[in-house]
Structures are given as structure tokens and as C-alpha cells.
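The values are calculated or read from the model by the stated rules, or taken from the named source; none is laboratory data. Because the structure is a prediction, the values reported are computed rather than measured. Backbone-built Cβ (ideal geometry, glycine too); neighbour counts: all protein chains shown. We work out accessible area using only protein heavy atoms, side chains counted, and drop any ligands, DNA or RNA first. Shrake-Rupley method; radii C 1.70, N 1.55, O 1.52, S 1.80 Å.
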Amino acid sequence: MDNTKVTVVGLGPMGRAMAAAYLDAGYEVTVWNRSAGKDTDLVARGARSAPGIAEAVAASPLVVLSLIDVEAMYGTLGDADLTGRVLANLSSDLPDKARAAARWAEERGAAYLTGGVNVPPAGIGREGSSIFISGPREAYEEHRAALDLLAATDYRGCDPGHAQLYYQLNMILFWTAYTGWYQAVAVARANGLTASDILPYAGYTADTLRGFYTESAALVDAGDHSGEDQRLTMCAASVEHILHTAADSGVDTAILAAHAELYRRGVEAGFGDESSSRLIQLLAAEEA
Ligand code: NDP
């Protein structure tokens with residue numbers, strides 16, 4: 001098997017960055033995209049533009065998919081012969097969608113690897129970048145070098161849903177924090193400050209989060225919600241302050257109101273003297 005051949009299907013910014021990384025590494029790269037014209041630069045650099053999806057799949061043992069979501073794979077691959085191929089679907093989606101896609105591919109004679117890419121296109125091929133991979137270990141080991149070339153692979157086991165699960169967990173952390181940044185900037189602007197004015201403090205807060213996660217993980221896993229330093233009642237009062245600062249500034253409060261409501265529920269549930277980590281139980285609807 002020729003492991004220096006790779007096909008990249010889907011040439012959005014991410015797929016183009018991936019195909020470019022393979023060209024840089026001297027791979028024989030075949031590309032295909034639903035809409036024409038996205039492969040011009042890649043072809044100028046030596047990629048082969050497949051005339052159709054069947055030819056694209058036939059060209060290489062490893063077919064990397066970078067589409068809007070996992071489901072786009074079905075219509076894209078259509079009736080192409082997948083026998084003996086390894087599909088590495090690096091498109092984001094839900095864990096169960098990845099599991100269904102793996103079954104679909106296996107029924108057609110292909111091995112299926114799921115990927116969750118932890119970096120933007122500019123991070124592809126760069127040191128420090130990472131990608132979650134899950135699916136059959138044999139297929140992973142066989143194409144590990146090619147996948148590592150995109151970003152250091154973090155193999156999360158044979159369940160094809162697991163790479164997406166880890167990815168989505170990271171995305172929960174990312175989107176809630178990043179939306180928090182937008183919320184803070186909106187309040188800052190309503191008070192005559194700029195995003196740049198608050199950037200140093202945002203950076204400091206982002207840096208401190210690692211310490212909060214580290215301390216909390218050990219306590220939560222040990223079932224310790226004693227919360228000596230950070231009682232839920234104090235946290236709930238603080239969350240009310242951010243809600244009302246936004247309201248007084250004339251800024252939309254929908255996101256902060258949802259936070260405040262959760263903290264209020266925690267206090268009402270009788271957790272006021274314990275750690276705010278008790279909210280995990282409310283969120284997961286676990287028994288106290
Ligand atoms: P884009 O949305 O820019 O590109 C999506 C690709 O999917 C294009 O090739 C597009 O084809 C194709 N596509 C869209 N809808 C369909 C459809 N219904 N059927 C077939 N093909 C379709 O995305 P990116 O390149 O930015 O990202 C690709 C994947 O990587 C996504 O799953 C994304 O979540 C993930 N990712 C992206 C990051 C980023 O920063 N960009 C970061 C981490 C992960 P066409 O050109 O014809 O429209």
C-alpha cells in the first residue's frame with residue numbers, strides 16, 4: 001500500500017490547509033470539492049484535481065474528509081466504491097453522527113476514523129496543534145504518520161464517537177468562554193471602553209481558569225463540594241452583579257440571565273453553603 005498518497009475531499013479553508021500540508025510534505029495529493037474553483041492554488045502547487053468523487057476515492061488508500069459536518073459525507077461520497085479505503089472524516093459533528101457514519105462506511109467495506117481538529121486552518125502542520133482521533137486502532141496506526149502531519153494525533157480509542165465527544169467538550173469550553181468575551185466587550189463599549197482596553201484583564205482571567213479547572217477537577221472527582229473559599233451563595237451574588245451591570249449598561253442580558261437563573265436554582269436547592277460545583281449535579285440532573 002502506498003502511504004504517500006492522500007485524497008482530500010472538501011476544500012473549505014480547513015481542507016485547503018490540509019491538502020497544502022500534504023503537498024509541503026511531498027505527498028501525492030488528489031483533491032475534490034463539491035463546487036468548482038476551490039482547488040486552483042493547490043493544483044498550481046502539484047495537486048491532482050479528480051474529475052469526480054469516484055476517481056478521488058480511488059486515487060489513495062487514505063481519504064481525508066473536511067466538510068461542513070459529518071452528514072455531508074453521505075451525499076458527497078454517493079456511490080463511490082469505498083472498498084479497502086480508510087476514511088478519516090475530520091469534519092465536526094455529534095458523537096452519534098460519527099458512530100452512524102462509521103457503520104455506513106464499514107457496510108461499504110471502508111474503515112472509518114473520526115477526527116476533531118483542535119486548531120484553525122492556520123494551525124495545520126504547526127507544532128503544538130492537536131487533533132482527536134478515534135476508530136479502529138489498526139487503521140489509525142496504518143495512517144498515523146499522515147494524520148500526525150496535520151496535527152499531533154491524540155488517539156481516544158476505538159469508539160468512533162469518542163473523538164467527537166472530546167472535541168465537543170472542548171467546544172463547550174471554547175464557545176462559552178468566547179461568548180463571554182463578546183459579552184464583556186459589549187458591556188465595555190456601552191461604557192466607553194474598547195476591546196483593547198480590557199484585553200490585558202481578559203488575558204489574565206483566561207490564564208487563571210486553568211488553575212480553577214485543576215483544583216475543581218480533583219475535588220469534583222473526589223465528591224468534595226465543601227466549598228470553603230467559594231460558597232455558592234457568594235458566587236450567585238457575583239453572577240447577579242454581572243447581570244445587573246449589563247442591564248444598567250443597556251446591553252442584552254439573555255446569556256447572563258441564564259447564568260443567574262442556574263445559580264439561583266442552586267441556592268434554592270439548598271446548596272448555598274457548599275461549592276458552586278454542586279451546579280454540575282443540577283446541570284446533569286443527578287441525584288444529590
Ligand atoms: P467550510 O464551511 O468553509 O467548508 C466546508 C466544506 O464542506 C466545503 O468544501 C463545502 O463545499 C462542503 N460542504 C458544505 N455543505 C456541504 C454539503 N451539504 N454537501 C457536501 N459538501 C458540503 O468549513 P471549514 O473548511 O472551515 O471547516 C471544515 C470542517 O473543519 C468543519 O467541520 C469545521 O467544523 C471543522 N473545523 C474548522 C475549523 C476552522 O477554524 N475553520 C476549526 C476546527 C474544525 P462547497 O465549497 O461546495 O460549499
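Kindly indicate which of T233, T214, T205 is of a type in the set (V, I, T), without any contact (Cβ under 8 Å) to a residue 60 or more places away in the chain and more than 30 Å from V117 (Cα to Cα). Spell out how you get there, then give the answer.
Working: T214 fails: more than 30 Å from V117 (Cα to Cα); T205 fails: more than 30 Å from V117 (Cα to Cα).
Answer to the check: T233.
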message = away from the ligand (no atom under 14 Å from the Cβ) and surrounded by 24 or more Cβ atoms within 10 Å (Cβ to Cβ): is that true of L82 in this structure?
response = no
Pairs with Cβ under 6 Å, 6+ apart, first in segment 260-283 and at negative phi, second of a type in the set (F, W, Y) = R278/F271
note = Filter segment 208-224 for residues that are open to solvent by 60 Å² or more (accessible area, probe 1.4 Å) and among the hydroxyl-bearing types (S, T, Y); the one that is farthest from the chain's Cα centre (by Cα) is T214
message = Condition first: assigned to a loop (DSSP other than H, G, I, E, B) and either of a type in the set (S, T, N, Q) or within 11 Å of the ligand (Cβ to nearest atom) (or both). Now tell me which residues in segment 87-137 satisfy that.
response = L90, S91, S92, D93, N118, V119, P120, I124, S129
Residue under evaluation I68, criteria (1) under 28 Å from H162 (Cβ atoms); (2) part of a helix (DSSP H, G or I); (3) within 14 Å of the ligand (Cβ to nearest atom); (4) out of contact with any Pro (no Cβ under 8 Å at 6 or more places or on another chain), criterion not met = (2)
